[in-house]
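Input: a single structure, listed below in C-alpha cells.
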Amino acid sequence: MINIPKGTKDVLPANAVKWQFIEAVARVTAEGYGYREIRTPVFEHTELFLRGVGETTDVVGKEMYTFLDKGGRSVTLRPEGTAGVARAFIENGLQGGVLPFKAYYLISAFRYERPQAGRLREFHQFGAELYGSASPIADAETISFADAFLKNLGLRKVSLRINSIGCKECRKRYHEALKEYFRPHLAEMCPDCNARFDKNPMRIIDCKVEGCKKFTAGAPRMLDFLCDECRAHFEEVKRLLDEAGVAFTVDPSIVRGLDYYSRTVFEFVSDAAGAQGTVLGGGRYDGLLEQMDAKPTPAVGFAAGIERLLMVLEAEGAELPETAGVDCYLAGMDEPSRRKAFLLADELRRAGFACEVDLMDRSVKAQFKYADKTGARFVAVIGENELKEGAAEVKDMQNSSSERVKFGELAQYIEGRYEEE
C-alpha cells in the first residue's frame, strides 16, 4: 500500500464542508472590503522567494521545496502567497493601473518543516494584499478586514496584538542596539540566533528556543527607536482601530517571520487549541516591490492558515456546518422501477433538488437504511403498483408521514413541503 506523504493530509467529504464554510466566509468578507480573487502558480522561479521572502528567513534557509526542472531551472513550490502576488502585480503591469489594487487568494503552500498540530508540509492559506497606499487608514482597514473575517467565522476567543518595526532608517539604529545587547550572550544562544546576529538581528527576538527567551525578554524595543514619521503612522493606526472598536494590545515582541515587513505588523492569537499560537498574521511591506526591482509601491496584507483556523474553531466549539443531506431518495423495488427512479431523479436534479437512487441492487429495507444515512428528507418508493398508477409513495423522514404523489408532480410536492415549514 502506498501511504500519504508525511506532513500532508486528506480532506474527506465529511470535513470538506467545513473547509468550504471557511472559504465562503473568506470570499464574502473579502468582497465586502473591495477585494477580488487572484490565482498564481503553485511553483515559481526560486529567485522570487530568495528576493521576496528573504534569505535570512527560516522559510528560505530551511523549509523551501526547491528542485531543478527538466530544463535545469531552479523552481520552488510556493511557501507563502505574497511573493507570487507581488510578481503578478509587477509582471501584469498593474502598477500602472487603478490603485489601490486589492486582491485575495485561497491557496495551498508548501514548507519542509516538522509536522505538528495545525502545521503541515502542505498547508492552505487565505490571504489578502493591498498595493498602492501608504496611508495608516490602509493599515487600519486591513486589520479591520482580518478582524471581521475571524468574527464572521464565529471565533470569539482571539486577541489582536500589534507593533511597529519601523522603516529602514529606524531599523539601522535598532539593529546596532540589538547587536550591542546580544553580543555578550551569543555563546549561550542557539545556532540560529548566532546566524541571525549579523544578517538580521531583529529576527532573534522571534526565537522560540527556551534558552534564548531569557535574553530576548530584556532586549531593546523597536518602539523606542521609531523615527518621527513611523511613530506618527503607528499612533494613527492605533487611533483608527480604537475609534473603529477593534480591540488590540501593543506587543513589542512581534516582528513577523519574513524579511519584507515594515512599519505596522500584527497577529491575531488564540490559546483555544492548546499552546498559544497565531491564527492570522500580517502587516505592511512598503519595500517589497523595490526589493524585486520594481517601482517602489507601498503595500499591506495578511494571511491565515486554514488548518489552524479549523482547529481553533473546533476547540472553541464554534458552530460548523455538516454535510447536507439529499432532498429525495428514490427507492426502486425491481429493475423496471429502478430505471424509473433513475429518470425521475434526473428530472428532480434538473429542477434543483439533490437526489440519490439505488446503485447497489439493495433491498427496499436496505435502501431505507441507506437513505437515512444520506440524510434524505423524503424517500419516494416505486414498485410494480406505483409504475401502473404513475405515482410514488413518498415518505417524509422527519415525521414518518406518507403520501401518494404523481411522478410529474414530485418537484412541486417537495418544494411545497419545504415552503410550508
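The values are calculated or read from the model by the stated rules, or taken from the named source; none is laboratory data. This structure is a prediction, so every number in the text was calculated from the model and none was measured. For neighbour counting, all protein chains shown are included, and Cβ atoms are generated from backbone atoms with ideal geometry for every residue, glycine included.
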Going through segment 142-160 in order, the residues found to be assigned to a loop (DSSP other than H, G, I, E, B) and surrounded by fewer than 16 Cβ atoms within 10 Å (Cβ to Cβ) are GLY154, ARG156, LYS157
Scanning segment 278-319 residue by residue, those free of Cβ contacts under 8 Å to residues at least 60 places away in the same chain, surrounded by 19 or more Cβ atoms within 10 Å (Cβ to Cβ) and assigned to a helix (DSSP H, G or I) turn out to be none
Looking across segment 161-183 at residues that are in contact with an Asp or Glu (Cβ under 8 Å, 6 or more places away or on another chain) and closer than 26 Å to THR297 by Cβ, the single one that is surrounded by the most Cβ atoms within 10 Å (Cβ to Cβ) is ASN163
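Would you point out the residue of segment 95-112, among those that are among the aromatic types (Phe, Trp, Tyr) and modelled with pLDDT under 95, that is nearest to the chain's Cα centre (by Cα)?
Filtering segment 95-112 for residues among the aromatic types (Phe, Trp, Tyr) gives 101, 104-105, 110, 112.
Filter once more, so that each one left must be modelled with pLDDT under 95: 110, 112.
Numbers: PHE110: 14, TYR112: 19 Å.
The selected residue is PHE110.
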inquiry  = When you scan segment 115-137, do you find a residue that is in contact with a His (Cβ under 6 Å, 6 or more places away or on another chain) and either under 30 Å from ASP10 (Cα atoms) or of a type in the set (Val, Ile, Thr) (or both), even just one?
reply    = no
Note on segment 346-364: residues more than 15 Å from LEU387 (Cβ to Cβ) and in a helix (DSSP H, G or I) are ASP346, GLU347, LEU348, ARG349, ARG350
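Suppose the filter is of a type in the set (Gly, Ala, Ser), touching a residue at least 24 places away in the same chain (Cβ under 8 Å) and more than 17 Å from ALA341 (Cβ to Cβ); does GLY383 pass it?
Details: of a type in the set (Gly, Ala, Ser): yes; touching a residue at least 24 places away in the same chain (Cβ under 8 Å): yes; more than 17 Å from ALA341 (Cβ to Cβ): no.
So GLY383 fails the test.
Please enumerate the residues belonging to segment 15-42 that are aromatic (Phe, Trp, Tyr) and in contact with a Gly (Cβ under 8 Å, 6 or more places away or on another chain).
none
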Being in a helix (DSSP H, G or I), more than 14 Å from ILE107 (Cβ to Cβ) and without any contact (Cβ under 8 Å) to a residue 60 or more places away in the chain narrows ALA14, ALA24 down to just ALA24
Query raised in the report: Looking at this structure, is ASP147 within 28 Å of VAL279 (Cα to Cα), assigned by TED's automatic domain parsing to the domain that holds ALA30 and acidic (Asp, Glu)?
Result: yes
Those residues of segment 365-380 that are among the small types (Gly, Ala, Ser) and assigned to a loop (DSSP other than H, G, I, E, B) come to a total of 2
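Here's the yes/no breakdown for (1) outside the structural domain of PHE145 (by TED's automatic domain parsing); (2) at pLDDT 95 or above; (3) touching a strand residue (DSSP E or B) at 6+ places or on another chain (Cβ under 6 Å):
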site: VAL237; (1), (2), (3): no, yes, yes
site: LEU241; (1), (2), (3): no, yes, no
site: ALA247; (1), (2), (3): no, yes, no
site: PHE268; (1), (2), (3): no, yes, yes
site: THR278; (1), (2), (3): no, no, yes
site: LYS295; (1), (2), (3): no, no, no
site: PRO298; (1), (2), (3): no, yes, no
site: PHE302; (1), (2), (3): no, yes, yes
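Residue by residue, here is whether (1) of a type in the set (Lys, Arg); (2) under 29 Å from GLY32 (Cα atoms); (3) free of Cβ contacts under 8 Å to residues at least 24 places away in the same chain holds:
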residue	(1), (2), (3)
LYS70	yes, no, yes
LEU77	no, no, no
VAL85	no, yes, no
LYS102	yes, yes, no
ARG111	yes, no, no
PRO136	no, yes, no
